[in-house]
Amino acid sequence: MSASTRSPKLRVATYNIRKSIGTDRRRRPERVLAVLRELDADVVAVQEVDRRFGDRSTALPPEVIAEETGYMPVRFGIRPESLGWHGNMLLVRRDTEVMSTQRIELPALEPRGAVLADLRVGGTAVRVIGMHLGLLGLWRKRQARAVLMCLEALEDPLPTVMMGDLNEWVMDGGCLKLFARHHHVAAPGPSFHSRRPMAALDRIITSLDLRVEAAGVHLSPKSRVASDHLPVWADIVPAGPTAAAERHHVAQSPLI
């Protein structure tokens, strides 16, 4: 579908690909790419896209992404061999306009970060943040605050989607409570472990001027083996003038 005729509905997804290592402990990027084709999302936040040590080379080579999918990577890496920022990267459809990008430092005992991009997808402007929060609850809350403060500091507000592996095992507490103060927190379903999903670690969060029409976990024979996480997705649409007014009211109140 061309950019001029595409519906204002956007499909977003988030996927921790575990550096392309599947549940059989084999590194097979082609399996991850096959799952991405199945998802058919407009924007995908990817976690653990780069190897952790050495030159931090990407586990999804950009030339292979170009050959095997309809996506292009939004580059955040500071090393030539890397695509991501602390493993976080965004994939977008090739006709997407990338208006601006930003790397976000997150407080942590171990290296953590998030990535932000302002995009124009099929005529719709949206701000997307991809993140991978820490394993310790206290640090997850600090990292959530850092992401929210970064959003608050931006001069031009846009409809916003935040998504990623939040590592939050509590269903409605912890860092999720902070995000829920001024945003909608979708619960697509259990996404970890991919062979027997029990924990909803992967989440999609939207600003109040967006509405989640549908959301779910992408479960298929390929996604069960490509990573230890299943991807989650959401279809989002503008929420209407009432929600926009609510967002304006929230913007005038203290963030946290």
*Since PHE76 meets every condition but one in (1) in contact with a strand residue (DSSP E or B) (Cβ under 7 Å, 6 or more places away or on another chain); (2) surrounded by fewer than 20 Cβ atoms within 10 Å (Cβ to Cβ); (3) among the aromatic types (Phe, Trp, Tyr), which condition does it not meet?*
(2)
*Hits in the stretch 158-217 (condition: of a type in the set (Phe, Trp, Tyr) and under 15 Å from the mean Cα position of the chain (by Cα))*: PHE179
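Every residue, every condition in (1) of a type in the set (S, T, N, Q); (2) over 17 Å from SER220 (Cα atoms); (3) at pLDDT 95 or above; (4) surrounded by 24 or more Cβ atoms within 10 Å (Cβ to Cβ), yes or no:
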residue	(1), (2), (3), (4)
PRO8	no, yes, no, no
ARG11	no, yes, yes, no
TYR15	no, no, yes, yes
GLN47	yes, yes, yes, yes
ARG52	no, yes, no, no
*Which of the residues belonging to the stretch 188-205 are assigned to a loop (DSSP other than H, G, I, E, B), within 15 Å of ASN167 (Cβ to Cβ) and among the small types (Gly, Ala, Ser)?*
SER191, ALA200
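Could you pull out the residue among THR124, THR96, THR101 that is of a type in the set (S, T, N, Q), surrounded by 15 or more Cβ atoms within 10 Å (Cβ to Cβ), in contact with a Pro (Cβ under 8 Å, 6 or more places away or on another chain) and in contact (Cβ under 8 Å) with a residue 24 or more places away in the chain? Please lay out each step first, then the result.
Values: THR96 fails: in contact with a Pro (Cβ under 8 Å, 6 or more places away or on another chain); THR101 fails: in contact with a Pro (Cβ under 8 Å, 6 or more places away or on another chain).
Among THR124, THR96, THR101, only THR124 is of a type in the set (S, T, N, Q), surrounded by 15 or more Cβ atoms within 10 Å (Cβ to Cβ), in contact with a Pro (Cβ under 8 Å, 6 or more places away or on another chain) and in contact (Cβ under 8 Å) with a residue 24 or more places away in the chain.
Could you tell me whether ALA200 is aliphatic (A, V, I, L, M), in contact with a Gly (Cβ under 7 Å, 6 or more places away or on another chain), crowded, with 20+ Cβ neighbours inside 10 Å and within 14 Å of TYR15 (Cα to Cα)?
Numbers: aliphatic (A, V, I, L, M): yes; in contact with a Gly (Cβ under 7 Å, 6 or more places away or on another chain): yes; crowded, with 20+ Cβ neighbours inside 10 Å: yes; within 14 Å of TYR15 (Cα to Cα): yes.
When the stated conditions are applied, ALA200 passes them.
Please work out if VAL161 is within 25 Å of LEU91 (Cα to Cα) and not basic (Lys, Arg).
Working: within 25 Å of LEU91 (Cα to Cα): yes; not basic (Lys, Arg): yes.
So VAL161 fits the description; yes.
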_Restricting the stretch 154-180 to residues that are modelled with pLDDT under 95 and farther than 16 Å from PHE192 by Cβ, the residue that is surrounded by the most Cβ atoms within 10 Å (Cβ to Cβ)_ = PRO157
*Residues that are aliphatic (A, V, I, L, M) and over 16 Å from LEU158 (Cβ atoms), drawn from the stretch 60-113*: LEU60, VAL64, ILE65, ALA66, MET72, ILE78, LEU83, MET89, LEU91, LEU106, ALA108, LEU109
_Top-ranked residue of the stretch 206-250 - restricted to ones that are in a helix (DSSP H, G or I) and of a type in the set (Val, Ile, Thr), ranked as modelled with the lowest pLDDT_ = VAL250
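Take LEU151 and decide whether it is assigned to a loop (DSSP other than H, G, I, E, B) and modelled with pLDDT of 95 or more. Can you show your working first?
Values: assigned to a loop (DSSP other than H, G, I, E, B): no; modelled with pLDDT of 95 or more: yes.
Answer is no for this residue.
Can you give me the number of residues within the stretch 130-172 that are in contact (Cβ under 8 Å) with a residue 40 or more places away in the chain, in contact with a strand residue (DSSP E or B) (Cβ under 9 Å, 6 or more places away or on another chain) and on the phi < 0 side of the Ramachandran plot? Break it down stepwise before answering.
First, pick out the residues of the stretch 130-172 that are in contact (Cβ under 8 Å) with a residue 40 or more places away in the chain: 130-133, 145-150, 152, 157-165.
Right, trim to in contact with a strand residue (DSSP E or B) (Cβ under 9 Å, 6 or more places away or on another chain) and you get 130-133, 146-148, 150, 157-165.
Narrowing further to those that are on the phi < 0 side of the Ramachandran plot: 130-133, 146-148, 150, 157-163, 165.
Total satisfying the criteria: 16.
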*If you go through the stretch 99-114 one residue at a time, how many are within 15 Å of the chain's Cα centre (by Cα), modelled with pLDDT under 95 and not basic (Lys, Arg)?*
1
*asked:* Out of the residues in the stretch 181-195 meeting the condition of being in contact with a Pro (Cβ under 9 Å, 6 or more places away or on another chain) and surrounded by fewer than 20 Cβ atoms within 10 Å (Cβ to Cβ), tell me which one is farthest from THR23 (Cα to Cα).
replied: GLY189
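Answer yes or no as to whether VAL32 is buried (at least 21 other Cβ atoms within 10 Å of the Cβ), assigned to a helix (DSSP H, G or I) and out of contact with any strand residue (DSSP E or B) (no Cβ under 7 Å at 6 or more places or on another chain). Talk me through it step by step, then tell me what you get.
Working: buried (at least 21 other Cβ atoms within 10 Å of the Cβ): yes; assigned to a helix (DSSP H, G or I): yes; out of contact with any strand residue (DSSP E or B) (no Cβ under 7 Å at 6 or more places or on another chain): yes.
Yes: the conditions hold for VAL32.
The values are calculated or read from the model by the stated rules, or taken from the named source; none is laboratory data. Note that this is a predicted model, so its numbers are computed, not measured. Neighbour counts are summed over all protein chains in view; Cβ atoms, including those assigned to glycine, are modelled from backbone coordinates with ideal geometry.
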